[in-house]
Amino acid sequence: MLDLYYWTTPNGHKITMYLEETGLPYTLKPVNISKGEQFTSEFLAISPNNRIPAIVDHAPAIGGGPLPLFESGAILLYLADKTGQLIPHGARERWQCIQWLFWQMAGLGPMAGQNHHFAHYAPERLVYPTERYVKETGRLYAVLDKQLHGRRFIVGDYSIADIACYPWVQPARQGQDIDDFPDLKRWREAIAARPATKRAYELAKEVNVKPSVSDDEARRILFGQDRHTIQH
């Protein structure tokens, strides 16, 4: 059994999507990051970076006691290796999948996240950073659109590379016109139609009925962290 420490963010959706696809049993443990629940001692013992998602595998295939893991990309790779599902088995294809997983973790996620912040959460509209991250998000969409040309999915069959990228492709929220990226649009619609994707996003609605950051205290908790957050 897995414990999944989760909130309704793109990185959180990655793990519910994977678990719903594979049917791996899990217990959902919501961590309301707008209320500061990511700073509890219980959660920090599992995720010292005070970020979701995180898991505890109570029956790791590698043996030993319960295994805690944080970072969504590491969790996806771990679960794929544990189950043998949603990762290519051939060595060449496996590494192609892993490189796109890393691409999302290092590029698409952070850049789209900054896009979200300056476009939707910054206390004042700043033209330069907003345009910078909207343009970079568009560039990354184009990279993925090009990779998907002539392919159903990013690498071979549906995999953790697709699961990692999908929640971060939010065109309306990120200032993009999805019609500018026809292969990306087709891929996105195909993943949205998967039953496991639907279940994962319905679960999110049950956990968090009001996902927006709607008050000053939530903004302070989410966006006011500095070194003192860790050193206190």
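Taking the condition of being over 19 Å from the mean Cα position of the chain (by Cα), without any contact (Cβ under 8 Å) to a residue 40 or more places away in the chain and under 25 Å from residue 77 (Cβ atoms), how many residues in the stretch 92-125 meet it?
3
Output the number of the condition that residue 155 fails; it satisfies all remaining conditions of (1) over 24 Å from residue 75 (Cα atoms); (2) in contact with a Cys (Cβ under 6 Å, 6 or more places away or on another chain).
For residue 155, the exception is condition (1).
Which ranges mark the helices (runs of 4 or more DSSP H) fully within the stretch 181-232 that have 3 or more residues being in contact with a helix residue (DSSP H, G or I) (Cβ under 7 Å, 6 or more places away or on another chain) and in contact (Cβ under 8 Å) with a residue 24 or more places away in the chain?
It comes to 182-192, 195-207.
Applying the selection to the stretch 47-65, what residues are under 16 Å from residue 11 (Cα atoms) and among the aliphatic types (A, V, I, L, M)? Give the steps one after another, and end with the answer.
Pass one, the stretch 47-65, residues under 16 Å from residue 11 (Cα atoms): 47, 49-55.
Scanning the stretch 47-65 gives 52, 54, 55.
Before we move on, is residue 33 in contact with a Leu (Cβ under 6 Å, 6 or more places away or on another chain) and crowded, with 19+ Cβ neighbours inside 10 Å? Explain how you work it out, then say what you get.
On the way: in contact with a Leu (Cβ under 6 Å, 6 or more places away or on another chain): no; crowded, with 19+ Cβ neighbours inside 10 Å: yes.
Against the criterion (in contact with a Leu (Cβ under 6 Å, 6 or more places away or on another chain) and crowded, with 19+ Cβ neighbours inside 10 Å), residue 33 does not qualify.
Tally up the residues in the stretch 131-155 that are over 18 Å from residue 166 (Cβ atoms) and part of a loop (DSSP other than H, G, I, E, B), please.
1
Please find, within the stretch 53-75, the residue that is nearest to residue 231 (Cα to Cα) out of those that are among the hydrophobic types (A, V, I, L, M, F, W, C) and touching a strand residue (DSSP E or B) at 6+ places or on another chain (Cβ under 6 Å).
70
Condition check ((1) in contact (Cβ under 8 Å) with a residue 60 or more places away in the chain; (2) surrounded by 14 or more Cβ atoms within 10 Å (Cβ to Cβ)) across all residues:
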| site | (1), (2) |
| --- | --- |
| 127 | no, no |
| 140 | no, yes |
| 155 | yes, yes |
| 163 | yes, yes |
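Where residues in the stretch 175-232 are of a type in the set (Lys, Arg) and modelled with pLDDT under 90, which of them is farthest from residue 157 (Cα to Cα)?
220
Scan the stretch 73-102 for residues that are aromatic (Phe, Trp, Tyr), touching a helix residue (DSSP H, G or I) at 6+ places or on another chain (Cβ under 8 Å) and crowded, with 18+ Cβ neighbours inside 10 Å and jot them down.
Residue satisfying the conditions is 100 alone.
With 136, 189, 206, 217 as the choices, which residue is under 19 Å from the mean Cα position of the chain (by Cα) and either within 30 Å of residue 41 (Cβ to Cβ) or assigned by TED's automatic domain parsing to the domain that holds residue 30 (or both)?
Being under 19 Å from the mean Cα position of the chain (by Cα) and either within 30 Å of residue 41 (Cβ to Cβ) or assigned by TED's automatic domain parsing to the domain that holds residue 30 (or both) holds for just one of 136, 189, 206, 217, which is 206.
Taking the stretch 156-177 as the region of interest, how many residues are within 30 Å of residue 121 (Cβ to Cβ), over 15 Å from the mean Cα position of the chain (by Cα) and either of a type in the set (Phe, Trp, Tyr) or part of a helix (DSSP H, G or I) (or both)?
So the answer is 0.
The values are calculated or read from the model by the stated rules, or taken from the named source; none is laboratory data. Keep in mind the model is a prediction, meaning the values are calculated, not measured. Because the Cβ atoms are built from the backbone with ideal geometry, glycine has one as well, and the counts that use them run over all protein chains shown.
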